[in-house]
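Asks: Input: one structure, supplied below.
The values are calculated or read from the model by the stated rules, or taken from the named source; none is laboratory data. Nothing here was measured: the structure is a model prediction, and the numbers come from that model. Note that we place each Cβ from the backbone using ideal geometry, even for glycine, and neighbour counts take in every protein chain shown. Remember, those area values only see protein heavy atoms, side chains included, never the ligands or the DNA or RNA. Shrake-Rupley method; radii C 1.70, N 1.55, O 1.52, S 1.80 Å.
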Amino acid sequence: MTRKNVTAQYPDVQPELPPRTRGVIGLFEENCTVCMLCARECPDWCIYIDSHKETVPPAAPGGRERSRNVLDRFAIDFSLCMYCGICIEVCPFDALFWSPEFEYAETDIHELTHERDKLREWMWTVPEPPALDPRAEEPKEIAAARKAAEKAAAQAAAEAEAQAEAQEDQQ
């Protein structure tokens with residue numbers, strides 16, 4: 001009531017969107033393991049996934065061959081989507097993200113089904129996550145990795161010192 005109303009000149013002036021705005025869903029295809037959790041949990045059944053199994057050679061000699069799912073089709077029908085974000089929340093491999101892009105109107109409703117190529121393009125518009133609070137506790141995974149790296153560095157330094165002493169003793 002105390003501010004003056006201003007008309008938004010939308011097509012000419014882009015609106016300032018709040019951070020982490022829900023616009024369209026982007027797909028980071030490299031992280032998708034075709035686990036199908038997003039499609040199963042979607043209340044609108046607007047996610048379509050097709051895949052096939054591929055045999056992977058053994059990583060080490062004497063190992064056994066493994067099979068893995070390869071993504072053939074990943075599509076989201078935005079004419080059915082209610083933008084609840086359940087698919088993004090249940091994805092255990094961080095393959096789906098919210099993009100703040102909202103300008104994807106189409107003249108034909110069939111063009112609102114975005115295939116994986118279009119979903120991959122939306123990934124370029126996904127903002128970086130906000131920085132962690134500097135006073136926050138370090139994540140357990142990072143702390144464990146840091147401790148392992150420090151232990152390996154200390155062990156390598158001790159071995160280098162022992163080799164240096166052995167060379168001094170030989171001289």
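Asks: Just going by the charge dipole of the range 18-171, with Lys and Arg at +1 and Asp and Glu at -1 on Cβ, which of C87, M123, A156 is farthest out on the positive end?
Replies: Of the listed residues, the answer is C87.
Asks: Suppose every Lys and Arg Cβ carries +1 and every Asp and Glu Cβ carries -1, with no other charges. What dipole size does the range 84-171 come out with about its Cα centre, to the nearest 20 debye?
Replies: 240
Asks: Hey, another quick one. Taking all pairs of different Cα atoms in the chain, averaging 1/r and flipping that mean, what Kirkwood radius in angstroms comes out? Mind showing how you got there, number by number?
Replies: Details: mean 1/r = 0.0476 Å⁻¹.
One decimal place: 21.0 Å for the Kirkwood radius.
Asks: Over the range 46-171, calculate the relative contact order: mean separation of alpha carbon pairs under 8 Å at least 6 apart, over the residue count, as a percent. Intermediate values should be presented prior to the final figure.
Replies: Numbers: 94 pairs, mean separation 23.2, N = 126.
18 percent.
Asks: A further question follows. Quick one: net charge of A154's neighbours, Cβ under 14 Å, K/R +1, D/E -1?
Replies: Details: positive: R146, K147, K151; negative: E150, E159, E161.
The answer is 0.
Asks: Give, rounded to the nearest 20 debye, the magnitude of the charge dipole that the range 24-130 has about its Cα centre when Lys and Arg contribute +1 at Cβ and Asp and Glu contribute -1 at Cβ.
Replies: So the magnitude is around 680 debye.
Asks: Let me check I've understood the local charge: for D72, count other residues with C-beta under 10 angstrom from its C-beta, Lys and Arg +1, Asp and Glu -1. What total comes out?
Replies: Counting the neighbours of D72, the net charge comes to +1.
Asks: Give me the distance between the Cα centres of the range 6-76 and the range 95-171, rounded to whole Å.
Replies: 18
Asks: Roughly how many percent of the accessible protein surface of the range 31-125 is carbon and sulfur, given a 1.4 Å probe and a whole-percent answer? Please report the intermediate quantities before stating the final value.
Replies: Details: 3190 of 6030 Å².
Here it works out to 53 percent.
Asks: Then there is this: With axes computed from alpha carbons, what is the tilt in degrees of helix 140-170 against the longest principal axis of the chain, rounded to the nearest 10 within 0 to 90?
Replies: Taking Cα atoms only, the helix is inclined about 20 degrees.
Asks: Among the trypsin sites (Lys or Arg not before Pro) within the range 85-155, which fall in a DSSP loop and have no more than 14 other Cβ atoms within 10 Å of their own Cβ?
Replies: Loop-located and lightly packed - R135.
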